Amino acid sequence: MNFNLNNGQKQAIRHGEGPCIVIAPPGSGKTAVITQRTKYLIEQQGINPANILVITFTKAAATQMKERFGTLMGGASPVSFGTFHAVFFTVLRHAYGFRAENILKEEQRIEFLRDIIHRFDLEIDDEMEFISDITGEISLIKNDRISLEHYYSTNCPEDVFRKIYLEYDNKLKNARLIDFDDMLVYCYELFKVRKDILNAWQSKYKYILIDEFQDINKIQYDIIRMLAKPNNNLFIVGDDDQSIYRFRGAKPEIMLNFDKDYKNAKKVLLNTNYRSTQLIVEGAERVIHNNKSRFEKEVRTVQGEGTPIVIKTLKNQEEENKELINQILECRQSGGDFSDIAILYRTNTQPRILVEKLMEYNIPFKMRDILPNIYEHWITKNIISYIHLATGSRERKEFLQIINRPKRYVSRECLDNKQISFEYMREFYKDKDWMQERINKLEYDLRLLANMPPYAAINYIRQGIGYEEYLQEYAKYRRIKPDDLIDTLNEVQESAKSFKTFGEWFVHIDEYTNELKAQLKNRNCNHNSVSLATMHSAKGLEYKRVYIIDVNEGITPFRKAVTEADLAEERRMFYVALTRAKEQLYVYSLEERLGKKLEVSRFVGELIVNKQELVPSKEIIHKKYGEGVIKAVDKDKLIIYFKKNKKILVLDTNFCISNQYIKLKKEDSMLI
Ligand code: ATP
Ligand code: MG
């Protein structure tokens, strides 16, 4: 870091003893202040590095910070850098002798919950999804310290949920295992009852510094409060506008009320964005201003005006991917690095087709999140089983996949037979005409499927066989919206489009699966690669060029966001994404995705100029034509008298910017 610190930063870095809070917008050097202050404490204040604890929210961020600090100090140092979980686990390790083996592994968690579901004989089809939803709920209860009696599950009836929760807890205790959330719960309880242990840790960590404090939850805060006593050398930095972990119990109010909990806290506001150009900062500000309850921050820029944000609507994913590939190759040809580029999105299933394209063009990329392999999704497995049976397989496991999807009411008793075949089923139901009919219909359908190309076959499975209706009913039973399921089905069908035979499609599936595994293995090895990340994982990072994709209603903001609070959180995620860009920012929306028409996101509207502000007599500055005055506004046309000549500018209703860049004189700059 070779730059001159500004006064606010200096003030924060050189803060003496006691609590201090830095609230500041993106790119203002909050993370930089944390590392610089750590250095300052050691070098200028003579603090023992082993007495300093620096906490961040993700493992990646903690590792990165440790590395940066190492560079700053010219070598390794005994300062503790870690996530809340890592730190609290260290405490438990010392207190209870817990070791890594005591941490519940992902596979174990799934196995435990699966076991419980079977024992209670719950009728769940998509176990994995159910398990993941239930895990989220268990986690929230522990993090928010909600009592079980007062909790209402959104995934299953209350009594069932309670049974699952208690049984899960029991299993963990019996096996002397703790899950991630238990690390917080146990640590909290330990500090409450064992003052001696608490005191020991208090004297070890005399200085605590926390980055991204807006994402802290109740239990983490309660533990930190205990740990920071008696001196309360608690140095926290954050930005309430970037709080995006509400689903995990994050409470930005904790940060905003910090000075109520610590009356003597010094408060420092930083207001210079060093990261991004003026146009990017102004665009992002326009968006976030639509959130109601927020701590208003002043923002200055130093990077110069820069180039306008490019806002584009593309026909479909295919066009969007083409555009991205062209952009990446162009950037590379003009001397840029792959690592200058990040492609950001709301959910980790979005880039699936893009990943296929990047592989095809041999463009190296790294993903911060795990991309679920759509070909391993249970819906794909069902479809493939239909196709396998159609093409001659008579394996029991293939029958089991599809026989009651849709419901044909073939009983467990019948299916228990080791060898399931059409003949066996006919024999089993020999007195039941309606069952005979169902079995015959299935056999007939499979014969039809055998001769279809993959795309048509999937279509027939959905419509002719009734698989899509089955998904709708299943969603109703599970009390979930069918959209995700139908989307997956659409995507599987779409991916089969370009293949003439089942064989070709299956080869493609194998290749894709293998490459994806290889990519995951080499995840962090390739330094010169394009970054693909969800908005969540991109937090704290910065890139020269950022592409935000699929900025449409239903995706960003996500369709599950319905309340005002949900939408505010979605807007913050979009804000985080926008503010990762240093020099160039591209926002892409789609006209349709997987055959469904989509609307451009409301956030795009917020990013561009508010047309109502372009009114007659407004003085403006145009990028190309210079100063002028608006004379008249006619639907999508602006008649402007520039100093040199009169012009009519047409506003592109698709939000395309081309070169139409206008700045309102003396006021906010605007993009059209
Ligand atoms: P975010 O909220 O996104 O996490 P942040 O406030 O943590 O952002 P940093 O990542 O610390 O911001 O800094 C943003 C960029 O600005 C970094 O590249 C950093 O090196 C640079 N920077 C910070 N302070 C200064 C300064 N005083 N002069 C020049 N550059 C600076
Ligand atoms: Mg930061």
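The values are calculated or read from the model by the stated rules, or taken from the named source; none is laboratory data. Bear in mind that the values here come from a model prediction, so they are computed numbers and not experimental data. So basically every Cβ, Gly included, is an ideal-geometry build from the backbone, and we count neighbours across all protein chains shown. In case anyone asks, the SASA skips ligands and DNA or RNA and just uses the protein heavy atoms, side chains included. Shrake-Rupley method; radii C 1.70, N 1.55, O 1.52, S 1.80 Å.
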Practice problem: Could you grab me the full set of residues in the range 209-232 that are in a loop (DSSP other than H, G, I, E, B) and either within 16 Å of ligand 1 (Cβ to nearest atom) or open to solvent by less than 10 Å² (accessible area, probe 1.4 Å) (or both)? | Solution: D211, E212, I216
Exercise. Select from the range 27-46 the residues that are open to solvent by 20 Å² or more (accessible area, probe 1.4 Å), within 14 Å of ligand 2 (Cβ to nearest atom) and among the polar types (S, T, N, Q) and list them in ascending order.
Key: T31, Q36
Quiz item: Only one residue in E305, E320 is open to solvent by less than 10 Å² (accessible area, probe 1.4 Å), away from ligand 1 (no atom under 16 Å from the Cβ) and charged (D, E, K, R). Which one?
Solution: E320
Quiz item: Looking at E515, E468, which is the one that is out of contact with any Phe, Trp or Tyr (no Cβ under 7 Å at 6 or more places or on another chain), in a helix (DSSP H, G or I) and either basic (K, R) or open to solvent by 80 Å² or more (accessible area, probe 1.4 Å) (or both)?
Solution: E515
Self-check item: Scope the range 192-250; condition hydrophobic (A, V, I, L, M, F, W, C), under 26 Å from the mean Cα position of the chain (by Cα) and within 16 Å of ligand 2 (Cβ to nearest atom); matching residues
Solution: L209, I210, F213, I216, I236, V237, I244, A250
Exercise. Inspect the range 149-168 for any residue being surrounded by 15 or more Cβ atoms within 10 Å (Cβ to Cβ), among the acidic types (D, E), farther than 30 Å from T35 by Cα and outside the structural domain of K206 (by the TED database) and give the result as yes or no.
Key: yes
Exercise. Among the numbered conditions (1) in the same structural domain as I219 (by the TED database); (2) farther than 22 Å from A228 by Cβ; (3) not hydroxyl-bearing (S, T, Y), tell me where K263 comes up short.
Key: (2)
Quiz item: Does the range 251-264 contain at least one residue that is aromatic (F, W, Y) and buried (at least 17 other Cβ atoms within 10 Å of the Cβ)?
Solution: yes
Quiz item: Within the range 537-555, restricting attention to residues that are away from ligand 2 (no atom under 16 Å from the Cβ) and touching an Asp or Glu at 6+ places or on another chain (Cβ under 7 Å), which residue is most open to solvent (accessible area, probe 1.4 Å)?
Solution: K544
Quiz item: M359 passes all but one of (1) farther than 24 Å from M573 by Cα; (2) among the hydrophobic types (A, V, I, L, M, F, W, C); (3) open to solvent by less than 10 Å² (accessible area, probe 1.4 Å); (4) at pLDDT below 90; which number fails?
Solution: (3)
Quiz prompt | In the range 272-292, the residues that are out of contact with any helix residue (DSSP H, G or I) (no Cβ under 7 Å at 6 or more places or on another chain) and within 15 Å of ligand 2 (Cβ to nearest atom) | solution = T272, Y274, R275, S276
Self-check item: Pick from the range 611-634, criterion within 23 Å of R286 (Cβ to Cβ) and open to solvent by 80 Å² or more (accessible area, probe 1.4 Å), ranking: modelled with the lowest pLDDT
Solution: Q612
Quiz item: When you go through (1) open to solvent by 30 Å² or more (accessible area, probe 1.4 Å); (2) more than 16 Å from ligand 2 (Cβ to nearest atom) one by one for C20, which number turns out not to apply?
Solution: (1)
Quiz item: When G283 is evaluated against the numbered criteria (1) at pLDDT below 95; (2) open to solvent by 10 Å² or more (accessible area, probe 1.4 Å); (3) out of contact with any Cys (no Cβ under 7 Å at 6 or more places or on another chain), which criterion, by number, is the only one it fails?
Solution: (2)
Practice problem: Return the residue satisfying two criteria in turn: it lies in the range 271-284 and is out of contact with any Lys or Arg (no Cβ under 7 Å at 6 or more places or on another chain) and part of a loop (DSSP other than H, G, I, E, B), and of such residues it is nearest to ligand 1 (Cβ to nearest atom). | Solution: Y274
Quiz prompt | A62, sole failed condition from (1) within 29 Å of the chain's Cα centre (by Cα); (2) more than 14 Å from ligand 2 (Cβ to nearest atom) | solution = (2)
Exercise. Filter the range 196-208 down to residues that are within 23 Å of N143 (Cα to Cα) and part of a helix (DSSP H, G or I), then give me how many there are.
Key: 4
Practice problem: Kindly indicate the residue of the range 1-17 that is farther than 20 Å from G70 by Cβ and without any contact (Cβ under 8 Å) to a residue 24 or more places away in the chain and also farthest from ligand 2 (Cβ to nearest atom) among those meeting that condition. | Solution: G16
Quiz item: Does any residue in the range 420-435 that is within 19 Å of P406 (Cβ to Cβ) come within less than 7 Å, Cβ to Cβ, of a residue that is open to solvent by 60 Å² or more (accessible area, probe 1.4 Å) six or more places away or on a different chain, and which pairs are these?
Solution: I420/R396
Quiz prompt | Selection within the range 251-260 - closer than 24 Å to K192 by Cα and either touching a residue at least 12 places away in the same chain (Cβ under 8 Å) or within 16 Å of ligand 2 (Cβ to nearest atom) (or both) | solution = K251, I254, M255, F258, D259
Quiz item: Pairs under 7 Å by beta carbon, first residue free of Cβ contacts under 8 Å to residues at least 24 places away in the same chain in the range 133-158, partner of a type in the set (D, E) and surrounded by 16 or more Cβ atoms within 10 Å (Cβ to Cβ), six or more apart or different chains?
Solution: S153/E137
